[in-house]
Amino acid sequence: MTGREPLLLLIVGAVLLVLSGIGPHDRTTWLLEVAPILIATPILVVTARRFPLTPLAYRLIFVHALILMLGGHYTYAEVPAGFWIKRMLGLARNPYDRLGHFAQGFVPAIVVREVLIRRSPVNAGKWLTFLVLCVCLAISALYELVEWWAALIGGEGADAFLGTQGDQWDTQWDMFLALLGAASALLLLSRLHDRQIASLEETSHV
């Protein structure tokens with residue numbers, strides 16, 4: 001990853017964010033869905049010099065942002081790609097929100113893992129895995145609380161943001177998929193992540 005790639009991802013992401021906000025299905029829902037981008041991006045920019053992340057982390061964050069933008073533009077229950085998968089697999093609902101919640105665990109798992117490895121005593125072993133999974137599950141639970149508060153404040157107007165599609169177990173599914181996503185990220189990407197962290201630490205000490 002070159003030093004310019006984070007800037008390139010930032011610029012492309014900003015352009016796509018603007019495009020996603022043009023004619024969304026519901027303006028309030030769009031704002032609520034992209035809120036994590038609006039919160040996380042300034043933090044990443046401010047900390048980029050003092051605490052740059054690995055290429056893997058930046059790229060995953062970018063992909064997650066794309067998922068949020070698409071879901072915000074159409075609402076998760078109305079994303080066209082989700083309808084295509086629904087028809088192809090004979091599903092009862094648009095599964096795009098399931099992808100979103102899987103990513104909600106998959107991507108933060110790498111970011112949390114990186115912060116713990118580089119800035120805490122818990123930098124390896126089973127405790128690292130346990131803490132990463134706990135934090136990701138906590139993030140998912142917090143998001144479900146936000147959805148609940150949105151429902152209390154917005155009433156029926158918050159239905160598009162909730163995206164339950166009539167599933168009474170939607171909250172439980174969301175948290176389970178986030179947990180599954182976090183576990184999958186740890187299982188599939190830990191070795192690659194370790195190599196990139198080592199490379200980043202070596203570069204920072206040169």
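The values are calculated or read from the model by the stated rules, or taken from the named source; none is laboratory data. Small disclaimer: the values here were computed from a predicted structure and weren't measured. Here the Cβ is made from the backbone with ideal geometry for all residues, glycine too, and neighbour counts use every protein chain on show. The accessibility values were calculated without ligands, DNA or RNA, using every heavy atom of the protein model including side chains. Shrake-Rupley method; radii C 1.70, N 1.55, O 1.52, S 1.80 Å.
Keeping to the range 80-118, report how many residues are touching a residue at least 24 places away in the same chain (Cβ under 8 Å) and not aliphatic (A, V, I, L, M).
Here is the first cut: in the range 80-118, the residues touching a residue at least 24 places away in the same chain (Cβ under 8 Å) are 93-94, 96-114, 117-118.
Still in the list and also not aliphatic (A, V, I, L, M): 93-94, 96-98, 100-102, 104-106, 108, 113-114, 118.
Number satisfying all stated conditions: 15.
Note down all Cβ pairs under 8 Å where the first residue falls in the range 58-71 and is more than 19 Å from PHE83 (Cβ to Cβ), the second is of a type in the set (D, E, K, R) and surrounded by fewer than 20 Cβ atoms within 10 Å (Cβ to Cβ), and they're at least six residues apart or on different chains.
Short answer, once both residue conditions are applied: TYR58/GLU5.
If a residue has to be open to solvent by less than 40 Å² (accessible area, probe 1.4 Å) and either of a type in the set (Gly, Ala, Ser) or under 16 Å from LEU188 (Cα atoms) (or both) to count, how many in the range 116-135 make the cut?
The number of residues fulfilling the criteria is 3.
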